[in-house]
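To start, the structure under review is shown below, and the notes come after it.
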Amino acid sequence: MSKGIMSNSIMNAAAGMLLLVTGFACSIAIARLLGPEANGTIAFALWVATTGALVAELGTGVLLMRCLPQLKARGLGTQDRRGFAAYLALPVLVSTVLLVILYASASWEAEREAVIGTPESIVILTGALLFVQSIGALTKNYLVGEQRLSAFFRITALSSTLQLILVIGGAFGWGVEGALLGYIAGQAAPFAFALGILLSPRNSAGFAPKALISSSAVLFFEFVLSAVFLNRPELFFLQQFRSLEEVGFYAVALSLANLALQLPVQLTGSLLPFYVHSREGADGVLPAGIFAAVTRSFAYITFPLCFGLAAIAEPLVVTIYGESFRPSGLIVAILAAGSPAFVFSQLTTQYLYSMDRIGIRLVTTGIGALVMLIGCIAVIPQFGGPAGALVRGGTFLLICVLLLRSMKSADMSPRLALTVCKVAAAAAVCGLVAFAVTDMVPGLAGLTAGVIAGALAYAVSLRLMRAVDPVDAHVLDMVLSRSSARLAPLRRGLSFVARAKANAPAE
């Protein structure tokens, strides 16, 4: 990868991880201050806002990240590209207002019929959060599409700081309502930037409205299916058939599982513009080897994070959240173990979007949504959160397999499959060692020792299994060789793991 895409990926991942850590800290504070039931209420409100924002986007986020690099390559100026973003933002504004009205009407009708007793203040605040989050999402899509990741990181840092302070302060002073007000205020920075785009003069930048509407319609249906049936629907079924306390347990598990999941997921955020830019410079064909290199790189990161977290899940939950949240530990373990399937689904999705093969993703999402719905109805009422986590993992594994079957012409080879399997096996050893250590040593000391022992076991296993591709070792060694002398131990560690001189010529 070029220096530009590496720095963009790092900045995008840093912004995403900052949001994740902020959300994680807020969830800990809310759980500690307000307890499981209030935590469940807030988790459900956040799910409504996140799901609604995905639906209201109408697929314009992918269109922006795919079209803005094309417009830049064709020589269009910043104002013209900004006008194109405003052109796509108008229908998002309309759909957001309609969704807020629909949510408020449905909630008040449910309260009148005594189906769900949600207080009116919570309904109003949840609707406001849905509105500001949906409009604010335009900021990320525009800045990532423009490959202005430094600006996106600054806005994210400001937003995260506001959210952390105001959510904790609001929860301490005014309970659930105060925490939700903090989440709303935390969206002020991206909302203000997006408002500036909305007020810009609009233009279609030469794109035929029919083509945009066609792509948007396919993406919209795919996003609706994802938002409704794949984006935490377990919370809805747990609320309906179990209890708000179990919603709180599951919400905590999702937040903790995201620690392992979101680093690789956030690294994928700038891949779509990168793929499009690479194709524009190579006569519409993605250069050979890029997808395989990306897949291997994500395997090295994803498997140890996910399997390692699964191994230490229960003691980690108890240490962070307290003994009352111990039931979340098993859910975290199941979610983390199944997370690699989601990450690799994202990798293939970004590639398919860059090739304008969005129909394949729609079909696989539809199949996954059906499996998720049937699974949740079948097992959650009887078995609760752990069963829901199993359904989630199985659903994304199916989606991943279906997407990979459509990628046979994109650097897919037996050698790539063998490398990924070796890395997964090494990560499994990492998890087993971490589990054994935390089982023998209790408390924070056991967690620390488990993480260190797991990391060492992963490095040794990679060496013994010859899992690191020489090409990857060579590229990383070149990057480290240009860095500070303080990183020399990393180069020596890389040589050990790769079982060869890392600076040897690539194959």
Open item on the list: Looking at A410 and the list (1) more than 14 Å from A336 (Cα to Cα); (2) modelled with pLDDT of 90 or more, which single condition is not satisfied?
Closed with: (2)
TODO: Kindly establish whether A502 is modelled with pLDDT under 65, part of a loop (DSSP other than H, G, I, E, B) and over 31 Å from the mean Cα position of the chain (by Cα).
DONE: yes
TODO: Determine if segment 320-332 includes at least one residue that is within 30 Å of A387 (Cβ to Cβ), assigned by TED's automatic domain parsing to the domain that holds L404, at pLDDT 85 or above and in contact with a Lys or Arg (Cβ under 6 Å, 6 or more places away or on another chain).
DONE: no
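Residues are listed down the side, and each one gets a yes or a no for (1) part of a loop (DSSP other than H, G, I, E, B); (2) at pLDDT below 80; (3) in the same structural domain as Y321 (by TED's automatic domain parsing); (4) farther than 29 Å from M355 by Cα:
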| site | (1), (2), (3), (4) |
| --- | --- |
| T395 | no, no, yes, no |
| V401 | no, no, yes, no |
| C421 | no, no, no, no |
| A427 | no, no, no, yes |
| G431 | no, no, no, yes |
| A436 | no, no, no, yes |
| A455 | no, no, no, yes |
| S461 | no, no, no, yes |
| R486 | no, yes, no, yes |
- [ ] Would you mind telling me which numbered condition in (1) farther than 19 Å from S160 by Cβ; (2) part of a helix (DSSP H, G or I); (3) at pLDDT below 80 F24 fails?
- [x] (1)
TODO: Taking G450 as the residue in question, decide whether it is outside the structural domain of Y351 (by TED's automatic domain parsing), in contact with a Cys (Cβ under 6 Å, 6 or more places away or on another chain) and within 30 Å of T319 (Cα to Cα).
DONE: no
Task: Residues being of a type in the set (D, E) and at pLDDT 90 or above - total across segment 133-162 - done: 0
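Conditions tested, residue by residue: (1) of a type in the set (G, A, S); (2) over 19 Å from S95 (Cα atoms); (3) modelled with pLDDT under 85.
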position	(1), (2), (3)
G127	yes, no, no
I165	no, yes, no
I168	no, yes, no
F172	no, yes, no
R202	no, no, no
P209	no, no, yes
A227	yes, no, yes
L238	no, yes, no
Task: Residues (of a type outside the set (G, A, S) and modelled with pLDDT of 85 or more) located in segment 45-56 - done: L46, V48, T50
Task: Matching entry among S297, S339, S324 (being touching a helix residue (DSSP H, G or I) at 6+ places or on another chain (Cβ under 9 Å), more than 20 Å from F24 (Cα to Cα), touching a residue at least 60 places away in the same chain (Cβ under 8 Å) and part of a helix (DSSP H, G or I)) - done: S297
- [ ] Tell me, yes or no, whether segment 249-258 has at least one residue that is assigned to a helix (DSSP H, G or I), over 18 Å from the mean Cα position of the chain (by Cα) and at pLDDT 80 or above.
- [x] yes
Task: Extreme residue, nearest to A369 (Cα to Cα), among residues of segment 382-436 that are among the hydroxyl-bearing types (S, T, Y) and surrounded by 15 or more Cβ atoms within 10 Å (Cβ to Cβ) - done: T395
Open item on the list: Pull out all pairs, ordered by first then second residue, where Cβ-Cβ is under 6 Å, the residues are six or more apart or on different chains, the first lies in segment 107-130 and is assigned to a loop (DSSP other than H, G, I, E, B) and surrounded by 13 or more Cβ atoms within 10 Å (Cβ to Cβ), and the second is modelled with pLDDT of 80 or more and of a type in the set (S, T, N, Q).
Closed with: T118/S107
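Residue-by-condition table, conditions (1) acidic (D, E); (2) over 20 Å from I168 (Cβ atoms); (3) buried (at least 22 other Cβ atoms within 10 Å of the Cβ); (4) not assigned by TED's automatic domain parsing to the domain that holds I213:
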position: R32; (1), (2), (3), (4): no, no, no, no
position: G35; (1), (2), (3), (4): no, no, no, no
position: A38; (1), (2), (3), (4): no, no, no, no
position: T60; (1), (2), (3), (4): no, yes, yes, no
position: R74; (1), (2), (3), (4): no, yes, no, no
position: Q79; (1), (2), (3), (4): no, yes, no, no
position: P91; (1), (2), (3), (4): no, yes, no, no
position: S95; (1), (2), (3), (4): no, yes, no, no
position: I101; (1), (2), (3), (4): no, yes, no, no
- [ ] Read through the list (1) within 19 Å of the chain's Cα centre (by Cα); (2) part of a helix (DSSP H, G or I), then give the number of the only condition that L58 fails.
- [x] (2)
TODO: Taking A179 as the residue in question, decide whether it is in contact (Cβ under 8 Å) with a residue 24 or more places away in the chain, in a helix (DSSP H, G or I) and surrounded by 23 or more Cβ atoms within 10 Å (Cβ to Cβ).
DONE: yes
Open item on the list: Let me spell it out: the conditions are (1) surrounded by 17 or more Cβ atoms within 10 Å (Cβ to Cβ); (2) without any contact (Cβ under 8 Å) to a residue 40 or more places away in the chain, and I360 meets all of them except one. Which number is the exception?
Closed with: (2)
TODO: Given the conditions (1) crowded, with 22+ Cβ neighbours inside 10 Å; (2) closer than 22 Å to V317 by Cβ; (3) touching a Pro at 6+ places or on another chain (Cβ under 6 Å), report the number of the one that P273 does not fulfil.
DONE: (2)
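The values are calculated or read from the model by the stated rules, or taken from the named source; none is laboratory data. Being a predicted model, the structure only gives us computed values, none of them experimental. Counting neighbours? That spans all protein chains shown, and the Cβs are built from the backbone with ideal geometry, glycine included.
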